[in-house]
1. Buried (at least 19 other Cβ atoms within 10 Å of the Cβ) and touching an Asp or Glu at 6+ places or on another chain (Cβ under 7 Å), is that true of B:Trp364?
2. In region A:269-322, which residues are β-branched (Val, Ile, Thr) and within 21 Å of A:Pro133 (Cβ to Cβ)?
3. Just to check your reading of the model, which residue among B:Val324, B:Val308 is over 19 Å from B:Pro119 (Cα atoms) and either modelled with pLDDT under 95 or part of a helix (DSSP H, G or I) (or both)?
4. Name the single residue that is surrounded by the most Cβ atoms within 10 Å (Cβ to Cβ) among those in region B:231-244 being farther than 10 Å from B:Leu304 by Cα and within 7 Å of another protein chain (Cβ to nearest Cβ).
5. Restricting to region A:107-139, count the residues that are in contact with a strand residue (DSSP E or B) (Cβ under 6 Å, 6 or more places away or on another chain) and assigned to a helix (DSSP H, G or I).
6. Within region B:393-409, is there a residue that is in contact with a helix residue (DSSP H, G or I) (Cβ under 8 Å, 6 or more places away or on another chain), surrounded by 14 or more Cβ atoms within 10 Å (Cβ to Cβ), at negative phi and polar (S, T, N, Q)?
7. For A:Arg342, indicate whether it is surrounded by 21 or more Cβ atoms within 10 Å (Cβ to Cβ) and more than 20 Å from the chain's Cα centre (by Cα).
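The values are calculated or read from the model by the stated rules, or taken from the named source; none is laboratory data. Note that the structure is predicted; figures quoted are calculated from it, not measured. Here the Cβ positions follow ideal geometry from the backbone for every residue, glycine too, while neighbour counts run over all protein chains shown.
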Amino acid sequence: MKKNVYSYSSCILETLPLRVQQSSFSSTFPGKRLGQAAWSSEGFGSHWVRSVSVDLNNDASLVIDIPDALCERDKVKFTVHTKTTLSSFQKPEFSVPRQHEEFIWLHDTIVETEEYAGLIIPPAPPKPDFEGPREKMHKLGEGESSMTKEEYAKMKQELEAEYLAVFKKTVQVHEVFLQRLSSHPIFRKDRNFQIFLEYDQDLSVRRKNAKEMFGGFFKNMVKSADEVLISGVKEVDEFFEQEKTFLLDYSSKIKDASAKAEKMTRSHKNVADDYNHISGALNSTAADNNTAFKKHLEKYAEVFEKLRKLEDRVASDQELKLTELLRYYTRDIQAAKDLLYRRARALADNENSNKALDKARLKGKDIAQAEENQKQCLQKFDKLSESGKKELTSFKARRVVAFRKNLIEMTELEIKHAKVRRLKCCVYHYMFTRQCSGSHGKPGNMREF
Amino acid sequence: PDEGDIFSEEGSYVRSDVHHTTNGLHSDEELDLFTGISLHRCTMTQSGDQFELNIAVTNPEKIGDGMNAYMSYKVSTQTTLPMFLNKMFSVRRRFSDFLGLYETISAKHSLLGCIIPPPPQKSVVGMTKVKVGKEDSSSAEFVEKRRAALERYLQRVVAHPSLLQDPDVREFLERDELPRAVNTQALSGPGLLKMINRASDAVNKMTIKMNESDNWFESKLQEVENEEQLLRRLHAAVDSLVNHRKELCSNTVVFSKSVAMLGSVEENSALSRALSQLAEVEDKMEQLHQQQAFSDFFILAELLADYVRLLGAVRYCFEQRMKVWQRLQEAQSTLQKKREAEAKLLWANKPEKLQQAKDDINEWESKVSQYERDFERVTCTVRKEVLRFEKEKARDFKQHIVKYLESLLHTQHRLVKCWEAFLPEAKAIA
């Protein structure tokens, strides 16, 4: 049964507009068996969703997914589809088109909302990055004259597969962002979130791009200042003291691991590419040959083609289970750190308000104002601390569960791939040696397998 | 037997267990030496009887110091052939000895139409590192590469039925001390290639009138030239594989360390343990990738490099036939001139010079006859050689692909074991 419809509106080398559709129940399909799902293109995508953040979309009162997306040049248009029983929405089911910038707008408005200061804000999805496949596409276009028709067709097919992979990843990461919001008791009620889901006109946020860039730059500067701040502030709460130490350390280590995982995965992809070239070169040599050797060469080309496919799968599964996991949690850790920064600022404000109150009392002036200010700062700080503690505790649990799930799945996939590769090699080995004279038909060292 | 059937095995090859260690064998036991070799060859002599002949090149040893130092290799032979004095024996040889052997063989056999296996390439850079005493992995790799190449070279030489009969080959294998080969500069690596290319340029410049049967030669030569180019491309692709595999090794090690660091800060103790176990698994992965890179190189890359050079040797063989033909042409034209000279003398009525002219004609007639026979023989030999070469090539490639599959099998098997050991650790996270 084909669960998935991938349709290409057209794949012209220059523009490559690409349309991806996932079946609408993919995101709500719980606990699908990894083995079967692994090779269906939507299977491992949705499973990744489940793995990275395991408590999403369990509540039928607000269900969000991205069933469709269209890619044209640099712009990706996501179709955000909502199904809800909540009365705050105008219709029970509706869809709107959204671009990446609109997701960023939503994220930023939530970050800027004072009420949410005590919550971990789900990290913004990264910008769709088609640079890799795009570069490859240029190379393909340039090298067209030096390849045979079959090679060109094969490379084009692989290129499309790569585009598709990047595409799926970006759809998933945007989908998870929305689902984190919808499954959170407080965020799901956010007015801007509702607008984002419902408003069927353009949100006109693209003007913000320039402002966004500056805003982002400024935010980073403020962040490093914050880092100094939270390391400098005297912490009274044991819980937060430990969290601070842990998050600061963990953050740099996971960022590093994520980068190193990426490099490792890329090496795997390079090896797969090489197998591809070897297979192609063997086929070329076979095509030119007129002796009995020709058939041998074609067989060898087949072997290397199989090796390529298997290596490719190892690389992509490793990327999805390991590299993407590390990337996602690098961002999530940052969101947790942001919470700590906000609390640290509130603590600093609290201390400053205490000092201001003392000063006011000393001077005998504006005491009521200072008292009010101090009361508010304390309230804010207490609220932040209370909700912060809850959020950070559930974050811990979420992280451990996600790591567990992904590591198990990755390991199972590695075992599966190695077994398949082992079997294939065994089969070919047997085929090539079976007519050896006498008892040497089955080489002795095969028995251990 | 159908030559086109990839699965048919001609000649008799006794397969022993595949040898996977990285260095030359160091065992003192002569017997152990040969159980490590990937195949035992049964040689057919002219009489059709089967005899055994195995050659191994092992135990590289550096003799001397500084720029005069050289590597000495142990060449061991095990055989049942009666023409050798003993059944098992070994000698020590240096690289220039192998080049000298090539020179000798080439001088004697190339004009007979034999395809002479080319020797391994000289490498100034590689050898200098070794001489200077750099004890790093790249010079160890260089020595191993050379050792293996010398071994393959000798195995190819003795696989050739006529070369095996050559007393110089026997002497190379058996005699304790060989006279030092000089003038090997011209004959290795770039020097050899230059010589081959010069010869083919000369041939191309000649306008040749060939008869029908030579269409086979013309088209075969074209095939050989095309295949040489294609194998170069294939070799480049395998080279790239080797490099990327090595990159994968270093990236894996780096990742492993990074995961270990992450595990050390992880507050959840079960997850922390799992992460440090993952780091260890990745370490093991790196070792497996290393072994695989070794196989990629020694099984695939070197095979292709050898065949690019062997195809060059085939081209050279064709050119040598051209030379023989050319010699025949020149003799025929000289004979023609002598006959014209005789006719002139008859007409000019100078009887005293006539006898000389007649003698000349006889001399050249017998030369032409000789050269005609030579040319026919060379033509026949080259055809046989090419067919033999093609059979060898198909067999060689198949054996190497089989070996490569075995190396992959071993790697995948260990991979499965590694990950299966890790799985309970991952499941234990709570």
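1. So B:Trp364 does not fit the description; no.
2. Answer for region A:269-322, where residues must be β-branched (Val, Ile, Thr) and within 21 Å of A:Pro133 (Cβ to Cβ): A:Val271, A:Val314.
3. Just a single option satisfies the conditions, and that option is B:Val324.
4. For region B:231-244, the residue satisfying everything is B:Leu241.
5. Within region A:107-139, residues that are in contact with a strand residue (DSSP E or B) (Cβ under 6 Å, 6 or more places away or on another chain) and assigned to a helix (DSSP H, G or I) number 0.
6. Yes, that holds for at least one residue.
7. It is true that A:Arg342 is surrounded by 21 or more Cβ atoms within 10 Å (Cβ to Cβ) and more than 20 Å from the chain's Cα centre (by Cα).
Residue-by-condition table, conditions (1) without any contact (Cβ under 8 Å) to a residue 24 or more places away in the chain; (2) at the interface with another protein chain (Cβ under 9 Å from one of its Cβ atoms); (3) closer than 30 Å to B:His413 by Cβ:
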position: A:Ala344; (1), (2), (3): no, no, no
position: A:Lys355; (1), (2), (3): yes, no, no
position: A:Lys363; (1), (2), (3): yes, no, no
position: A:Glu372; (1), (2), (3): yes, no, no
position: A:Leu378; (1), (2), (3): no, no, no
position: A:Gly388; (1), (2), (3): no, no, no
position: A:Lys396; (1), (2), (3): yes, yes, no
position: A:Phe403; (1), (2), (3): no, yes, yes
position: A:Thr411; (1), (2), (3): yes, yes, yes
